[in-house]
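What follows is a single structure, written as structure tokens, with notes after it.
The values are calculated or read from the model by the stated rules, or taken from the named source; none is laboratory data. Only a predicted model underlies this, so the values are computations on that prediction, with no experimental measurement involved. With ideal geometry, Cβ positions are generated from the backbone for all residues, glycine too; neighbour counts draw on all protein chains shown. For accessibility, only protein heavy atoms count, side chains too; no ligands or nucleic acids. Shrake-Rupley method; radii C 1.70, N 1.55, O 1.52, S 1.80 Å.
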Amino acid sequence: MNERILPQCGVERFLILLDGPWATLIIRELLRGPQRFTELRGALTGISAHTLTHRLRRFEQHGLVKRTAYAEIPPRVVYELTPLGASLQDVLSAMNDWGTTVPEAALTAS
């Protein structure tokens, strides 16, 4: 009875996994290779530690990100994209290509 009906539309499916303002930017950073939490936070100016933690956990649950904790002192945790997460490369490249063609007037319109 609690069976969730998943959307068939690809855009809706995409937005289930990558909703919110930081999602695609986190993936963009991880496309550069495995990174530690502090590296990600430093690359994403304005993101809170809470938001980054929440997003990374959600991505891990959905199979987009792999978290590896090393038994060292101090502890070291590295995040990297899974093959599913890495498959977003073309999507983000297309978004970047489109975004660079947007006139500045469209971005500053109120």
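Placing +1 on the Cβ of every Lys and Arg and -1 on the Cβ of every Asp and Glu, with nothing else charged, gives the chain a dipole about its Cα centre of roughly 380 debye. For the stretch 13-59, the percent of C-alpha pairs falling in each 5 Å distance bin, counted from 0 to the bin holding the largest distance, reads 5, 21, 38, 24, 10, 2. Distances between placed amide hydrogens fall under 5 Å for V65 paired with E60, T82, all partners being 5 or more residues away or on another chain. The mean sequence distance of close C-alpha pairs (under 8 Å, at least 6 residues apart), as a share of the length of the stretch 27-110, puts its relative contact order at 32 percent. Name the residue from I27, H62, W98 whose Cα lies farthest towards the positive end of the charge dipole of the chain, charges +1 on Cβ of Lys and Arg and -1 on Cβ of Asp and Glu. Looking along the dipole axis, the top candidate is H62.
Put the Cα centre of the stretch 55-94 next to the Cα centre of the stretch 19-37 and the gap is 8 Å. With θ taken as phi - 60° and the Karplus curve 6.51 cos²θ - 1.76 cosθ + 1.60 applied, the whole-hertz 3J(HN,Hα) list for the stretch 97-110 is 4, 5, x, 6, 8, 6, x, 4, 4, 5, 6, 9, 5, 10 Hz, x standing for glycine and proline. For the chain, the solvent-accessible area works out to 72 Å² per residue, with a probe of 1.4 Å and every protein chain left in place. Once the C-beta distance of S48 and D19 is scaled by a Förster radius of 22 Å, the resulting FRET efficiency is 0.85 to the nearest 0.05. In order along the stretch 40-56, the Karplus-derived 3J(HN,Hα) couplings, from 6.51 cos²θ - 1.76 cosθ + 1.60 at θ = phi - 60°, round to 5, 4, x, 7, 10, 4, x, 7, 7, 4, 4, 5, 4, 4, 4, 5, 4 Hz, and Gly and Pro are given as x.
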